[in-house]
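> I have a structure here, written as structure tokens, and I will follow up with some questions on it.
The values are calculated or read from the model by the stated rules, or taken from the named source; none is laboratory data. All values reported here derive from a predicted model rather than from experimental measurement. All Cβ positions, glycine included, derive from the backbone under ideal geometry; neighbour counts span all protein chains shown.
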Amino acid sequence: MNNQQKLKLAVFVSGNGSNLQSIIDACRIDNFPAEIGLVIANKTESFGLVRAAQAGIPTRIVLHKDFPTRELFEEQLLLTLRDFEIDLICLAGFMRVLTPHFIAPWLGRLINIHPSLLPKYKGLHTHERAITAGDKEAGCTTHFVSAEVDEGEIILQRSVPIFQNDTPDLLAKRVLKEEHILYPETIKLMAHKLLVTS
Ligand code: GRF
């Protein structure tokens, strides 16, 4: 842990990075127990890189396309992290499945946000699937990352109603708003846990 007793985060992004933005904003609040030390993107066009640069956060691009195997890609991620004394990795819209090669050394310190009320709707198209199933509520989940996709232990959840005539887009927006509350809340919880046990 660094000497200000703040959890040092690495945030992994692929796309828009609105969850990253919610974490950046939370870290600006007095006494928030974390700071972002590094943002890694696996896509050059990720807007998350712009958000990080605007906030003065170091960024690294590790393109999965540049590596012949998943393991070599992950090896590069591990190497990149090594220079930054990171305590916790937050996947925030990182569209790459990680294997045990990467996960094992970070087990318990690697978390993700998923746009459904897990264990329902692992994988993609969560909002469409919830509407099609006739569910009355949807939501988002933060969880530890384990070898099976979206299977790791649940940390926190927030739910929203599904309305009649809802569309996946409308529902996605409603859920995303909750994600932006949930991720900072989860990081706060993790900070208390990791600061006490380290
Ligand atoms: C979010 O819905 C997140 O739950 C999912 O991917 C989306 C990323 O959005 N894993 P953003 O890039 O944070 O805006």
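> Quickly run through segment 27-70 and pick out the residues that are under 14 Å from Thr80 (Cβ atoms) and of a type in the set (Asp, Glu).
Correct list: Asp66 only.
> Mind checking which residues of segment 117-152 are within 14 Å of the ligand (Cβ to nearest atom), part of a loop (DSSP other than H, G, I, E, B) and touching a residue at least 40 places away in the same chain (Cβ under 8 Å)?
Selection gives Leu117, His125, Val145, Val149, Gly152.
> I would also like to ask the following. Being free of Cβ contacts under 8 Å to residues at least 12 places away in the same chain and under 25 Å from Ala41 (Cα atoms) is the requirement here; does Ala104 meet it?
yes
> Turning to a different aspect of this structure: Of the residues Ile29, Ile113, Ile103, which is assigned to a helix (DSSP H, G or I) and either away from the ligand (no atom under 15 Å from the Cβ) or within 17 Å of Glu179 (Cβ to Cβ) (or both)?
Ile103
> Sticking with this structure for a sec: In segment 6-23, is there at least one residue being more than 26 Å from Arg158 (Cα to Cα) and touching a residue at least 24 places away in the same chain (Cβ under 8 Å)? Outline the logic, then answer.
Keep residues of segment 6-23 that are more than 26 Å from Arg158 (Cα to Cα), which gives none.
Checked segment 6-23: no residue is more than 26 Å from Arg158 (Cα to Cα) and touching a residue at least 24 places away in the same chain (Cβ under 8 Å).
> Okay, moving on. Scan segment 77-95 for residues that are assigned to a loop (DSSP other than H, G, I, E, B) and crowded, with 17+ Cβ neighbours inside 10 Å and report the count.
Matching residues across segment 77-95 total 5.
> Another question, if that's okay. Within the bounds of segment 2-21, is there any residue that is at pLDDT below 95, in contact with a strand residue (DSSP E or B) (Cβ under 9 Å, 6 or more places away or on another chain) and away from the ligand (no atom under 12 Å from the Cβ)?
Yes, there is a match, as at least one residue in segment 2-21 is at pLDDT below 95, in contact with a strand residue (DSSP E or B) (Cβ under 9 Å, 6 or more places away or on another chain) and away from the ligand (no atom under 12 Å from the Cβ).
> Looking at Ala104, Ala133, Ala138, Ala147, which one is among the aliphatic types (A, V, I, L, M), farther than 14 Å from Pro168 by Cα and modelled with pLDDT of 95 or more?
Values: Ala133 fails: farther than 14 Å from Pro168 by Cα; Ala138 fails: farther than 14 Å from Pro168 by Cα; Ala147 fails: modelled with pLDDT of 95 or more.
Among Ala104, Ala133, Ala138, Ala147, only Ala104 is among the aliphatic types (A, V, I, L, M), farther than 14 Å from Pro168 by Cα and modelled with pLDDT of 95 or more.
> Let me ask something else. From the list Ser14, Ser46, which one is among the hydroxyl-bearing types (Ser, Thr, Tyr) and buried (at least 22 other Cβ atoms within 10 Å of the Cβ)?
None of the others qualify; the one that does is Ser46.
> Any idea which residue in segment 6-26 is nearest to Glu85 (Cα to Cα), counting only those that are assigned to a loop (DSSP other than H, G, I, E, B) and touching a helix residue (DSSP H, G or I) at 6+ places or on another chain (Cβ under 6 Å)?
Gly17
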